[in-house]
Amino acid sequence: MSTVTYKSSPFNSQAKASALTQRVFQGSLDVYTGSWTATQAAHLVRRTHFGNKINDVNRARTFPDATTAAETLVDEAISTPLPDDPSWFKQGASGDINDFYDIQWNWMDSMYNGGLLEKMMLFWTNHFVVGYQGVAGKAGNSYANHMQNYMKLLHVSAFGNFKDLVYNMSVNPAMLYYLNGYVNDRSAPNEDFARELLELFTLGILDRNGSPNYSDQQDPPGDVQEVARACTGWRVNNNNFTSFLDNNAFDSTNKTIFGGSAQNYTLQMVVDRIFDEKPDEVAWFICKKLYTFFVSAIPNNSVIAEMATYFVQQNFDLAALMKRLLSSQHFYEEEFIGSRIKSPVELYVGLLRELEVPPNTSMLEFLRVNMPEINQELLNPPNVAGWPGYNPPGSDDIPGHYAWLNTSVLPTRWNQLQDIIDGNGGVEWASIRIAEKISNPSNPFELAIDLAEHMLSMPLSQVGVRTVDDDFAGGAVPVPDSVLSRPEHEQNLMKIMLDGTPWYDWTAGVDNGDLFYPNSIDKLLKNYIAYLFQLPAYQLT
């Protein structure tokens, strides 16, 4: 397959990526007041869901404007009821790996049926990283319960107050186990959580001007060391899966954090101190990560600064921030439509949603088993910094999403998507169902274009459609002039789908009132879908 060059292509060179980091995009957090069409609605759904379900796009198009759309999606995410605990959770402590798999299965099922809440929870699992294997190694008999409670915390807090979330996550048992807070003792302070609280959860090592946000040395003790002492004493009750402060293990002596007067800091006081002393730094740090996740892998410092200012003004209210971002002029700039490389979970669940294929238990297990082959397992990031693919660029200025693709991973992506198409993932599906949803299933010309526009985020003129030199088959019955007057790339898509079949032989039958494709047409359509997901543009959202 030839290389196709297009904006933020996963196949472009690193030099291209470096050049992209220097681009300055127009727009701001001012409210988007432009046309509200299928293009904007589909972009919003792709970025706030896992791929496009046609009903979600159609519903988004009914909103009068971007503000209403954003506010509705966020409000609905906030009001999503907390699911009932699974039966195994109610039966007591569990260290059964199958019970943890149940958490993964349930989450993927929610990704298929839900939307923004699940997308935001994914963001938080990459920010407040807790890898289940690390928890299992320290709480073997109860780790599934702790991971379930971790997910429940994210569910109820995803759009709450960020400061509250920082504290609640700090004393969450899964986090206490993962970063060794459960053994942090006044006699031997453990710095693991303290360092990540400052470096990865709230501030970052450097502020926006390149100055250190905190100190980290042993003599005299730096901020990391003092925060570690303030966080001593937290323990986990494995009978009810909660945490508590053991005063006998807590260091009650004075500590000095970010200068100022020495005080007997507790963990809550540490969180207060971070947000009171460095609110702008906190806001900048988290807004940059949210921007990279939802808008573009290439940060725009001007817009991020606007976000940070607004976030502080809103007292770190995440719902207010996300409503502002998702309704902004900047979010809907053409440059950002089809500009981010899909992560594995976006790729897999996205295909299922686009084709209206609800995952059964076999499919959920297929996804769970196969995603690690393309470098993602839910609730098990590679390290405490999360997946590079979701994070802002590092010191090399290469956009983080390039980490999702390389020459060995791409064929594996294609092969696994092909398995889903072929029914090897455990779900047999009828291609005519998606044809009915998005187009006229008996008109191959319309269907070829409608399906491509549904599955690809970029304009079809930019995706590098293969040229087909042969004429349409079946010359005895002329192709309608309305087809021959279409752009060349659209005619090529039609020919690719027909694959030498006369256009008038593309028919759908009826059985007891239900439409069906004969096997030959079903195979042609599934082959066409496979062609679309092997286009470089399909890797983008």
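What the table shows:
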| item | result |
| --- | --- |
| R0 of 41 Å, Cβ-Cβ distance Gln91-Asn360: FRET efficiency to nearest 0.05 | 0.95 |
| Value of relative contact order over the range 423-482, rounded to a whole percent, pairs C-alpha under 8 Å and six or more apart | 15 percent |
| Cα gyration tensor shape of the range 124-181, rounded if a/c is under 1.5, else prolate or oblate by comparing a/b with b/c | prolate |
| Simple spin-label estimate for Lys138 and Ile205 in nanometres, 7 Å along Cα-Cβ | 2.3 nm |
| Farthest toward positive dipole pole in the range 401-541 [+1 Lys/Arg, -1 Asp/Glu at C-beta], among Ser431, Pro480, Asn443 | Ser431 |
| Solvent-accessible area of Ser79 with every protein chain in place, 1.4 Å probe, in Å² to the nearest 10 | 80 Å² |
| Long-range amide H partners of Val31 with built H, under 5 Å | Gln329 |
| Prolate/oblate/rounded label for the range 415-522 (Cα gyration tensor, a/c 1.5) | oblate |
| For the range 50-162, alpha-carbon Rg over 2.2 N^0.38 Å | 1.22 |
| Pairwise Cα inverse-distance average, inverted: Kirkwood Rh of the range 195-310 (Å) | 15.8 Å |
| Neighbourhood net charge (13 Å Cβ-Cβ; Lys/Arg +1, Asp/Glu -1) for Ala174 | +2 |
| Top positive-direction residue, dipole computed over the chain with Cβ charges, set Leu116, Leu364, Asn52 | Leu116 |
| Relative contact order computed over the range 438-526 (Cα-Cα under 8 Å; 6+ residues apart), in percent | 31 percent |
| Entries of Lys289/Lys526; Lys163/Lys288; Lys119/Lys152 with Cα pairs more than 26 Å apart | Lys289/Lys526 |
| Segment Asn406-Asn180, length gained on full extension (0.36 nm per residue, minus Cα span) | 77.9 nm |
| Ellipsoid equivalent to the range 393-472 - semi-axes via the Cα gyration tensor, in Å | 30, 20, 14 |
| Accessible-area order (highest first, 1.4 angstrom probe) of the listed residues Ile438, Ile521 | Ile438, Ile521 |
| Two-site FRET efficiency, Gln462 against Asn247, from Cβ-Cβ distance with R₀ of 60 Å, rounded to 0.05 | 0.45 |
| Per-residue SASA entry for Glu118, accessible area with 1.4 Å probe, Å² rounded to 10 | 20 Å² |
| Share of carbon and sulfur in the accessible heavy-atom surface of the chain [1.4 Å probe, %] | 45 percent |
| Lys255 long-range amide H proximity, modeled H, under 5 Å | Gln263, Asn264, Tyr265 |
| Helix-only [θ]222 nm of the chain, DSSP H runs n ≥ 4, -39500 (n - 2.57) each, per residue, nearest 500 | -14000 deg cm²/dmol |
| Relative contact order of the chain, pairs being alpha-carbon contacts under 8 Å that are 6 or more residues apart, as % | 18 percent |
| Total charge dipole magnitude, the range 171-232, about the Cα centre, Cβ charges on Lys, Arg, Asp, Glu only, Debye to nearest 20 | 140 debye |
| For Gly92, net neighbour charge (Lys/Arg +1, Asp/Glu -1) across residues whose Cβ lies under 13 Å away | -2 |
| From phi via Karplus (6.51, -1.76, 1.60), per-residue ³J(HN,Hα) for the range 399-409 in Hz, x at Gly/Pro | x, x, 5, 5, 5, 6, 10, 8, 5, 8, 6 |
| Solvent accessible area, Å² - Phe316, 1.4 Å probe, full protein context | 10 Å² |
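The values are calculated or read from the model by the stated rules, or taken from the named source; none is laboratory data. If you're wondering where the values come from, they're calculated on a predicted model, not measured in any experiment. Heads up, the Cβs are rebuilt from the backbone with ideal geometry, glycines too, and the neighbour counts pull from every protein chain shown. Side chains are part of the model used for accessible areas, which takes the heavy atoms of the whole protein and leaves out ligands, DNA and RNA. Shrake-Rupley method; radii C 1.70, N 1.55, O 1.52, S 1.80 Å.
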